[in-house]
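K.L.:
Sending over a structure as C-alpha cells; questions will come in a sec.
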Amino acid sequence: MTIFSAVKRIAVLGSGNGSNFEALHSEFGDQICLVISDRPGSGILKKAEAVGVSAITEKSGPELNARILARLQDIDLVCLAGFMRMVKEPFLSAFEKRILNIHPSLLPRFPGQEAWKQALDAGEDETGCTVHFVDAGIDTGEMILQERVPILENDTAESLHRRIQQAEHRIYPEALRRVIATLPHES
Ligand code: GRF
C-alpha cells in the first residue's frame, strides 16, 4: 500500500543573518531539515544549530555547485535565503522548478544586489519583495508571489530594508506552501 504524504524535505541555503530561515522554520518545522552556507560562522548556521537543524558549510571555490548538489540527495525543495552565490550546473538542472529565491524588490524591477537601495536611489514611492523560481539568470526566474512595500518620505536604506524583510517573512512561507501544493505527494 502506498502512503501518500505532503511532507517534504526542504534545504535552505544562505550566506547571512538567517531571518528568512527563521520565518520558514517557524512555519514548516522539521520539514526544514538542512541549512547550507558558504560563510563559516554566519548567522543562518547559528540559527539552524540553535533549533537542531543540520547546518553545514560549503565554502566558495572549485565545484561549489557540485558539492552542494551532493549534499541534497534526499531533498525535495531548496530555498535560497540571502545566498550570495550563483546557482549553476549541475545543481540547476537537477532541481529545475524546485529552487526558490527571495529578492528584495518587485521584480523585474531592480534585480541584483542591494535592491532596496536601488529603489530608494531611483526615487520610487514603492518597492517590495518577490519569491521566484531560480533559473540561470540573475533574479530572472518565474515569479511565484510578491508583496508591495511603500517607500516613506524619511526612509533610510536601513529602515526600508527592515520593512521589506518583514514582508519577506510573510510571503516566503506562503510561496513555499503554494509550490508544495503543486508537487506530487509520494511516501
Ligand atoms: C533578504 O533581504 C533577501 O531578500 C536577500 O538577502 C536577505 C537575506 O536576509 N536576498 P536573511 O539572511 O534571511 O536575514
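The values are calculated or read from the model by the stated rules, or taken from the named source; none is laboratory data. Note that this is a predicted model, so its numbers are computed, not measured. We place every Cβ from the backbone using ideal geometry, glycine too, and count neighbours over all the protein chains shown. Heads up: the accessible areas ignore ligands, DNA and RNA and are worked out on the full protein's heavy atoms, side chains in. Shrake-Rupley method; radii C 1.70, N 1.55, O 1.52, S 1.80 Å.
K.L.:
So if I place +1 on the C-beta of Lys and Arg and -1 on the C-beta of Asp and Glu, and nothing else carries charge, what would the dipole magnitude of the stretch 10-182 be about its Cα centre? I want it in debye, nearest 20.
P.N.:
Computed charge dipole of the stretch 10-182: roughly 400 debye.
K.L.:
Another question about this same structure. Through the Karplus equation 6.51 cos²θ - 1.76 cosθ + 1.60, θ set to phi - 60°, convert the phi angles of the stretch 115-131 into ³J(HN,Hα) values in whole Hz; use x for Gly and Pro.
P.N.:
5, 5, 5, 4, 5, 4, 5, 7, x, 5, 9, 8, 9, x, 8, 9, 9
K.L.:
How many angstrom lie between the C-alpha centres of the stretch 131-187 and the stretch 47-80?
P.N.:
Using only Cα atoms to place each centre, the spacing works out to 21 Å.
K.L.:
So, one more: Rounded if a/c is under 1.5, else prolate if a/b is larger than b/c, else oblate: which is the stretch 4-101, with a ≥ b ≥ c the root eigenvalues of its Cα gyration tensor?
P.N.:
oblate
K.L.:
Let me ask something additional. Looking only at I44, I68, I36, which one moves most when the chain is put into a Gaussian network model with springs between Cα atoms under 10 Å?
P.N.:
So, out of I44, I68, I36, the one fluctuating most is I68.
K.L.:
Which of rounded, prolate or oblate describes the stretch 108-177 when judged by the alpha-carbon gyration tensor and an a/c cut-off of 1.5? Let's see the in-between values first.
P.N.:
On the way: a/c = 2.42, a/b = 1.44, b/c = 1.68.
It comes out oblate by the Cα gyration axes.
K.L.:
Once the other residues with Cβ under 12 Å from the Cβ of M86 are scored (Lys, Arg +1; Asp, Glu -1), what is the net sum?
P.N.:
Neighbourhood net charge equals -2.
K.L.:
Hey, in the GNM for the chain with a 10 angstrom Cα cutoff, which one of G123, G41, G14 fluctuates hardest?
P.N.:
G123
K.L.:
How much of the accessible area of the chain, probe 1.4 Å, is carbon plus sulfur, in whole percent?
P.N.:
For the chain, the apolar C and S fraction of the accessible surface comes to 50 percent.
K.L.:
Right, something else. In debye, nearest 20: dipole of the stretch 48-91 around its Cα centre with unit charges on the Cβ of K, R (+) and D, E (-)? Could the numbers behind the result be given before it?
P.N.:
Values: 5 positive and 6 negative charges, 39 e Å.
Using Cβ point charges on Lys, Arg, Asp and Glu, the stretch 48-91 gives about 180 debye.
K.L.:
Restricting to Cα pairs below 8 Å that are 6+ residues apart, what does the relative contact order work out to for the chain? Please round to a whole percent.
P.N.:
On the way: 346 pairs, mean separation 40.9, N = 187.
Across the chain, relative contact order equals 22 percent.
K.L.:
Arrange the residues S159, S15 by how much accessible surface each exposes, largest first, with a 1.4 angstrom probe.
P.N.:
In descending accessible area the options line up as S159, S15.
K.L.:
Related question: Can you tell me the length gained on complete extension of the stretch D30 to M84, counting 0.36 nm per residue apart and subtracting the Cα distance?
P.N.:
17.0 nm
K.L.:
If amide hydrogens are placed 1.01 Å from N in the peptide plane, which non-local residues have theirs closer than 5 Å to the one on S15?
P.N.:
The answer is F83, M84.
K.L.:
Still on this structure: At 1.4 Å probe radius, can you tell me the per residue accessible area of the stretch 77-141 in Å²?
P.N.:
Value returned for the stretch 77-141: 45 Å² of accessible area per residue.
K.L.:
Pick out, from N20, A81, Q31, the residue whose Cα sits farthest towards the positive end of the charge dipole of the chain, with +1 on the Cβ of Lys and Arg and -1 on the Cβ of Asp and Glu.
P.N.:
Q31
K.L.:
Name the residue, out of C33, C129, C79, whose mean-square fluctuation peaks in a Gaussian network model built on the chain with Cα pairs under 10 Å.
P.N.:
Maximum fluctuation in the GNM of the chain, among the listed residues, is at C33.
K.L.:
Something else now. Mind pulling the angle between the C-alpha long axis of helix 19-28 and the longest principal axis of the chain? Nearest 10 degrees, somewhere in 0 to 90.
P.N.:
The angle comes out at about 50 degrees.
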